[in-house]
Structure formats: C-alpha cells, structure tokens
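Working notes, structure below.
The values are calculated or read from the model by the stated rules, or taken from the named source; none is laboratory data. Being a predicted model, the structure only gives us computed values, none of them experimental. Every residue, glycine among them, receives a Cβ derived from its backbone with ideal geometry; neighbour counts consider all protein chains shown. Only protein heavy atoms, including side chains, enter the accessible area calculation; ligands, DNA and RNA are left aside. Shrake-Rupley method; radii C 1.70, N 1.55, O 1.52, S 1.80 Å.
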Amino acid sequence: MNLFGNLEGFKMDVLKEVGNIGAGNAATALSQLLDKPIDMAVPKVQILPFEKIADKVGGPEQIVLAVFFRVEGEAPGNLFFILTPEAGKGLLHRLAGIEASDEEFFNEMEQSALSEIGNILAGSYLSSLADFTKLSMTPTVPGLAMDMAGAILNYGLIQFGEMGDDALLIDTTFLEGKEEVEGQFFLIPDPESFDKIFKSLGVPLTDD
C-alpha cells in the first residue's frame, strides 16, 4: 500500500484539520483543568513509516519520556506522546506549576500529572479523528515510561502484539506567554485500521 502517494493535497489537509481541532480541544481542556490560559501552536502533521519514529525523537538510543495508550474501538491502534525528560519537566513547571524535584527522576505526583496531560491530549485528538471518520476510538488507561526511544517502541510492540507499518505524527507545542514546550504525538493504527480511517475520510487507497 502506497500511503505516501495517496496522502497529497486535500487529503493531508483533512489530517491537518484533525490536528488543529484536536489541539484546540486539548488547549481548552487543559485550561479548564489548570484554571489558566493554555494555548497550543498549529500542529505539524505528517505520515511516516514506523521505523522512522525513533529518528524523529533523536534516535533509538535517545532517552525520552513517553505516555502510551492502546486505542480500542472500530479502528484500534497504539498511541505514544513522546518528549524529552527536559521538556517533561518544563511542561510540569510551566503548565502545572510543579517544580522539578530531580532533573533525572519523576516522582509519583509528576508522573500522575504527565499521564493526565497525555490523557487529555489523546482524548482530544482521538475525539477529533472520530468526529471526522465517524469511527469509535477510545484510549485505554495511560502508561508512562522513561527509557531509550527504541526500547519504548519495542516494548509497545511486545505489549500490544502488533504495530502498523505507518504512523500519524502530530508535532505538539504548548504555549504559555512567551514560553513553549514541544512534544510529539504518534498514532500508530493497526494494519487494517489505516484502511478504515482513510476510507472514512474519503481518501481512496490503492496498492503499489
């Protein structure tokens, strides 16, 4: 299947709109949770092969923080919200006002806060995608890990049994005043789920 050849023009525009609406929903939900204005930049959206995900976050040996979910419903798959540990500390400080207790360690409160932020993001983007596709998609309870990017993705492969060949990447940037924190959100639909999603979006798929 040649996804890259099929996702041109208006087709990528649809995915960008999914990202825009999801980011808006996430900003609103985070603002309500934290009782302070939170903005999110217009996200950059792209499709990339599964094996390129680790490269996007600094390489397989890069230490990253990941909030991960299994997506259940009509288009099952896997979700990862990945950011550097430094960005994770910045996110906690700037958004939630939580001062870092340790530069290389996340205590229970910090892990809980990051999981909740990841949960809001996942719910917002999946809700946006579900609205466009009319497919039901629900994230499971989030897990959180800090390890090498390659190890985390391999763990997901073992934990969930399978991974799709391609991922939807949404570059996510949180804004508060002049401060910004970046993270990357990967939706990796199961092999059969990409077909369902794009057919529901009106995107014709053709085999190579």
With every protein chain kept in place and ligands, DNA and RNA left out, what is the accessible area per residue of the chain? Probe 1.4 Å, answer in Å².
47 Å²
Once the piece of chain linking Thr138 and Ile47 is laid out straight, how much longer is it, given 0.36 nm per residue of separation minus the C-alpha distance between them?
30.7 nm
Return the carbon/sulfur percentage of the accessible area of the chain, one whole number, probe 1.4 Å, all protein chains in place.
50 percent
My understanding is that a pair violates if its Cα-Cα distance is over 27 Å; which of Lys16/Lys52; Lys56/Lys134; Lys44/Lys199; Lys52/Lys134; Lys36/Lys196; Lys16/Lys196 do that in this structure?
Lys56/Lys134; Lys52/Lys134; Lys36/Lys196
What dipole magnitude, in Debye to the nearest 20, does the chain give about its Cα centre under +1 on Lys/Arg Cβ and -1 on Asp/Glu Cβ?
540 debye
